[in-house]
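This report refers to the structure that appears directly beneath it.
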Amino acid sequence: MEHYDAAYGDELVSLDRRHIWHPYASTEGEAPLFPVVGAEGVRLRLADGRELIDGMSSWWAAIHGYNHPVLNAAAHAQVDTMAHVMFGGLTHPPAVRLARRLVEITPEPLAKVFFADSGSVAVEVALKMALQYQRGRGRPERTRLLTVRGGYHGDTFGAMSVCDPVGGMHHLFSDVLPTHLFAPIPPAGFETELRPEDTAPIEELLDRHDSTIAALILEPIVQGAGGMRFHSPAYLRRIRELCSQHHVLLIADEIATGFGRTGELFACEHAGVAPDIMCLGKALTGGYLTMAATLCTDEVAATISRGEGGAFMHGPTFMANPLAAAIASASVDLLLSTPWRDRVGTLSETLRTGLAPARDLPGVLDVRVLGAIGVIELATPVDMATMQPAFVEQGVWIRPFGRLVYTMPPYVITPEELTKVTTAMIDAVRTHTAPAT
Ligand code: PLP
């Protein structure tokens, strides 16, 4: 058993700095880095013994918290049976069970499941499906994608090409990315009434270009990493109508919103709509392993399968990994066997109350809550070098980005624990916006 202490932690950090890249990071400089040696429930344990209440669910995936006995048991049982087997020409119980379950719980006409390795790959798969579908129905000229600004769909090339063209660092690759069509950011607010002018630009783009558009992709109801913005079910319903009218497939990227995060099991349900293709990831395995899925309708699958080549052209080595699939099934069953809707509702209330004082702070542009998502939007970007350690000092794990200080906690967090998180967020924002002395 390894012995953990502050010195061990320092050694880990120093070795890490020598050899490892971190997400969206430079290998130069000394960005704050904290060694985690264990995690249990909603707590992360640092090498020096400190414990942090997790407000991030490990980038929105660990909805049941860490080290969950049910998910651990599923992992142990499967690893002792078969950790992996190729998926070409073979199938296995974890894949079949999970696919059935996903089809059961997602909106109605979605019937076929393609397992992918990560959210970004699930998006690549969705885009390829849309292109092959259009070829399959004799419309090979429909190669463009339509999306909205402010979106985030992942870091691979196809996914990047439909991310917000200005935000993030994807502009670094703009010379080699295909150019797609972008409509304005959806009108802000879950409860905002839809006005005809809100969808006029998208209607114009569709009227002008539909003969070359394969699909419209968006994150339903919540744009996540592109800005943590919410839009209304009415907007999404109108988008669905427009796509159907123009024979453009609707791809719902539910990688961040799926599995209850917004208060419905899938965000599309707020609007009562079904996409033609849906991407799932993140919370699919309860945050245990990397696995994603792209679901499509029978019509999409059949059109691709009867089209040129007679097959869908994608097939990763670790497709439908049995270990990940077994844990994913256990995670979905666990979610559905718990009062998740009530829990998310309670978290929503706690977030509303806890974050309300931020509205009165200078430099705060907006405070918004939907489901188990709480966001403070600032006028200026946060200084991570000071804000990140300040959160750790307060015993919570929050990782802001840009002008956003937000939380997406595990659903098992108690209101008291979540209040500690929101209090730390308010304190951090107050310090951030305090006039320099
Ligand atoms: N789509 C959405 C909506 C996301 O939020 C993310 C990740 O944040 C992705 C796709 C990419 O997923 P991954 O990081 O697993 O590749």
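The values are calculated or read from the model by the stated rules, or taken from the named source; none is laboratory data. Keep in mind that what you see is a predicted model, and the values were worked out from it rather than measured. Using ideal geometry, Cβ is built from the backbone for each residue, glycine included, and neighbour counts are taken over all protein chains shown. Please note that ligands, DNA and RNA were not included when accessible areas were found on the heavy atoms of the full protein model with its side chains. Shrake-Rupley method; radii C 1.70, N 1.55, O 1.52, S 1.80 Å.
Helices (runs of 4 or more DSSP H) wholly in segment 107-209 with at least 2 residues that are touching a residue at least 40 places away in the same chain (Cβ under 8 Å) and within 16 Å of the ligand (Cβ to nearest atom) - which ones? If you could, list the steps in order and put the result at the bottom.
On the way: elements: 119-136, 157-160, 196-209.
Fully inside segment 107-209 and qualifying: 119-136.
Just checking, how many residues over segment 230-246 are in a helix (DSSP H, G or I), within 21 Å of the chain's Cα centre (by Cα) and among the polar types (S, T, N, Q)?
Final tally of qualifying residues: 0.
Determine if segment 234-245 includes at least one residue that is open to solvent by 10 Å² or more (accessible area, probe 1.4 Å), in contact (Cβ under 8 Å) with a residue 24 or more places away in the chain and more than 19 Å from Pro275 (Cβ to Cβ).
No.
Within segment 138-158, is there a residue that is open to solvent by 60 Å² or more (accessible area, probe 1.4 Å), at pLDDT 95 or above and β-branched (Val, Ile, Thr)?
Within segment 138-158, one or more residues are open to solvent by 60 Å² or more (accessible area, probe 1.4 Å), at pLDDT 95 or above and β-branched (Val, Ile, Thr).
Can you name the residue in segment 42-65 that is open to solvent by 30 Å² or more (accessible area, probe 1.4 Å) and assigned to a strand (DSSP E or B) and is also farthest from Met425 (Cα to Cα) among such residues? Walk me through it before giving the result.
Start the filter on segment 42-65 by keeping residues that are open to solvent by 30 Å² or more (accessible area, probe 1.4 Å), which leaves 43, 45, 48-51, 58-59.
With the extra rule that they be assigned to a strand (DSSP E or B), the set shrinks to 43, 45, 51.
Details: Arg43: 17, Arg45: 20, Glu51: 17 Å.
Only one residue tops the list, namely Arg45.
On the given criteria, is Glu299 modelled with pLDDT under 95, open to solvent by 30 Å² or more (accessible area, probe 1.4 Å), more than 19 Å from the chain's Cα centre (by Cα) and more than 19 Å from Ser120 (Cα to Cα)?
Working: modelled with pLDDT under 95: no; open to solvent by 30 Å² or more (accessible area, probe 1.4 Å): yes; more than 19 Å from the chain's Cα centre (by Cα): yes; more than 19 Å from Ser120 (Cα to Cα): yes.
No: the conditions fail for Glu299.
Is it the case that some residue within segment 271-289 is of a type outside the set (Gly, Ala, Ser), more than 15 Å from the ligand (Cβ to nearest atom) and part of a loop (DSSP other than H, G, I, E, B)? Steps first, answer last, please.
Step one: filter segment 271-289 for residues of a type outside the set (Gly, Ala, Ser), giving 273, 275-280, 282, 284-285, 288-289.
Next, only the ones that are more than 15 Å from the ligand (Cβ to nearest atom) stay: 273, 276.
Still in the list and also part of a loop (DSSP other than H, G, I, E, B): 273, 276.
The answer is yes, given that some residue of segment 271-289 is of a type outside the set (Gly, Ala, Ser), more than 15 Å from the ligand (Cβ to nearest atom) and part of a loop (DSSP other than H, G, I, E, B).
Scan (1) within 16 Å of the ligand (Cβ to nearest atom); (2) not in a strand (DSSP E or B) for the single condition Ile217 breaks and write down its number.
Tallying (1) within 16 Å of the ligand (Cβ to nearest atom); (2) not in a strand (DSSP E or B), Ile217 fails exactly one: (2).
Residue-by-condition table, conditions (1) open to solvent by less than 40 Å² (accessible area, probe 1.4 Å); (2) in contact with a His (Cβ under 6 Å, 6 or more places away or on another chain); (3) aliphatic (A, V, I, L, M):
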site: Gly307; (1), (2), (3): yes, no, no
site: Phe318; (1), (2), (3): no, no, no
site: Val344; (1), (2), (3): yes, no, yes
site: Val367; (1), (2), (3): yes, no, yes
site: Ile373; (1), (2), (3): yes, no, yes
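Against the condition surrounded by fewer than 21 Cβ atoms within 10 Å (Cβ to Cβ) and small (Gly, Ala, Ser), how does Ser211 come out, does it pass? Break it down into steps so the answer makes sense when it comes.
Details: surrounded by fewer than 21 Cβ atoms within 10 Å (Cβ to Cβ): yes; small (Gly, Ala, Ser): yes.
Answer is yes for this residue.
As an exercise: evaluate Arg18 against (1) in contact with a strand residue (DSSP E or B) (Cβ under 9 Å, 6 or more places away or on another chain); (2) away from the ligand (no atom under 16 Å from the Cβ); (3) part of a helix (DSSP H, G or I) and give the number of the one condition it does not meet.
Of the numbered conditions (1) in contact with a strand residue (DSSP E or B) (Cβ under 9 Å, 6 or more places away or on another chain); (2) away from the ligand (no atom under 16 Å from the Cβ); (3) part of a helix (DSSP H, G or I), the odd one out for Arg18 is (1).
Is it true that Ala326 is of a type in the set (A, V, I, L, M), modelled with pLDDT of 95 or more and open to solvent by less than 20 Å² (accessible area, probe 1.4 Å)? Give the steps one after another, and end with the answer.
On the way: of a type in the set (A, V, I, L, M): yes; modelled with pLDDT of 95 or more: yes; open to solvent by less than 20 Å² (accessible area, probe 1.4 Å): yes.
In short, yes.
The conditions are (1) in a helix (DSSP H, G or I); (2) touching a Gly at 6+ places or on another chain (Cβ under 9 Å), and Val382 fails exactly one of them. Which is it?
(1)
If only one of Asp175, Asp207, Asp164, Asp155 is of a type in the set (Asp, Glu) and touching a helix residue (DSSP H, G or I) at 6+ places or on another chain (Cβ under 7 Å), which one is it?
Numbers: Asp175 fails: touching a helix residue (DSSP H, G or I) at 6+ places or on another chain (Cβ under 7 Å); Asp207 fails: touching a helix residue (DSSP H, G or I) at 6+ places or on another chain (Cβ under 7 Å); Asp164 fails: touching a helix residue (DSSP H, G or I) at 6+ places or on another chain (Cβ under 7 Å).
Matching residue, one of Asp175, Asp207, Asp164, Asp155: Asp155.
Taking the condition within 24 Å of Met408 (Cα to Cα), within 16 Å of the ligand (Cβ to nearest atom), open to solvent by less than 60 Å² (accessible area, probe 1.4 Å) and assigned to a strand (DSSP E or B), does Ile255 pass?
On the way: within 24 Å of Met408 (Cα to Cα): yes; within 16 Å of the ligand (Cβ to nearest atom): yes; open to solvent by less than 60 Å² (accessible area, probe 1.4 Å): yes; assigned to a strand (DSSP E or B): no.
Against the criterion (within 24 Å of Met408 (Cα to Cα), within 16 Å of the ligand (Cβ to nearest atom), open to solvent by less than 60 Å² (accessible area, probe 1.4 Å) and assigned to a strand (DSSP E or B)), Ile255 does not qualify.
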